[in-house]
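Worksheet: the structure to be examined is printed underneath.
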Amino acid sequence: MYAENELLFPPYVIPRLARARGESWRALIERVTSLPPDDPEVLALSLLMIRLDGCLTCETDSYRAMRGCSACALQTLHRFKGTDQDLLGRYQKALQDVQAYLIVHPLTPPIEAPQQAFAA
């Protein structure tokens with residue numbers, strides 16, 4: 001019944017945003033797409049989209065949620081009245097916010113199971 005939707009903007013949608021704006025936006029998306037999902041730049045782009053899309057007020061039974069995160073994000077970027085430079089400035093602000101958060105709350109490395117746990 002529902003399209004692909006999440007509670008917050010998911011990183012797997014990022015590559016789909018490359019052609020939504022101009023060349024500088026595309027360059028940002030291509031750079032961020034090449035990074036691991038827990039990289040501060042990926043987190044910052046997700047934070048930017050959460051802020052632009054209004055993910056915090058999205059309800060699972062709303063029209064935009066039923067359309068899915070990808071469609072919502074593309075529509076938001078197409079309707080954005082500012083320039084690509086405005087978007088990149090908002091991205092820089094999101095990156096600063098992520099970096100400030102990570103100073104206080106560093107990411108912990110994933111826990112790896114010992115190899116002998118798999119031997120059976």
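Since every read-out is calculated from the coordinates, none of them should be taken as a lab result. Since this is a predicted model, take the numbers as computed values, not measurements. With ideal geometry, Cβ positions are generated from the backbone for all residues, glycine too; neighbour counts draw on all protein chains shown.
Over 17 Å apart: what share of the alpha carbon pairs of region 42-96 falls there, rounded to a whole percent?
Cα-Cα pairs of region 42-96 separated by over 17 Å account for 37 percent.
Residue-wise, which Karplus ³J(HN,Hα) couplings in Hz belong to region 81-96, taking 6.51 cos²θ - 1.76 cosθ + 1.60, θ = phi - 60°, and x for glycine or proline?
Karplus values, whole Hz, x for Gly and Pro: 7, x, 8, 4, 5, 4, 4, 5, x, 5, 5, 4, 5, 5, 5, 4.
Computed from the mean reciprocal separation of all distinct C-alpha pairs, what Kirkwood hydrodynamic radius does region 12-120 have, in Å? Could you put the intermediate results ahead of the total?
On the way: mean 1/r = 0.0640 Å⁻¹.
Hydrodynamic radius (Kirkwood, Cα pairs) of region 12-120 is 15.6 Å.
Just to check I understand the Karplus step: with θ = phi - 60° and J = 6.51 cos²θ - 1.76 cosθ + 1.60, what whole-Hz values come out for region 25-38, glycine and proline as x?
Per residue, the Karplus-derived 3J(HN,Hα) values read 5, 4, 4, 4, 4, 5, 5, 5, 4, 7, 9, x, x, 9 Hz.
Summing -39500 (n - 2.57) over the DSSP H runs of n ≥ 4 in the chain and dividing by its residue number, what mean residue ellipticity at 222 nm do you reach, to the nearest 500 deg cm²/dmol?
Rounded to the nearest 500, the figure is -16000 deg cm²/dmol.
With a cap of 12 neighbouring Cβ atoms within 10 Å, and only residues DSSP puts in a loop, list the trypsin sites (Lys or Arg not before Pro) found in region 54-88.
Working: sites: Arg64, Arg67, Arg79, Lys81; in loops: Lys81.
Of the trypsin sites (Lys or Arg not before Pro), the ones in loops of region 54-88 whose Cβ has at most 12 other Cβ atoms within 10 Å are Lys81.
What's the local net charge at His105, with K and R +1, D and E -1, over the other residues with C-beta under 14 Å away?
Within the 14 Å Cβ shell, the charges total -2.
Over the alpha-carbon set of region 3-57, work out the extent along each principal axis and list the three values in angstrom, largest first.
Between the extreme Cα coordinates on each principal axis of region 3-57 lie 30, 23, 20 Å.
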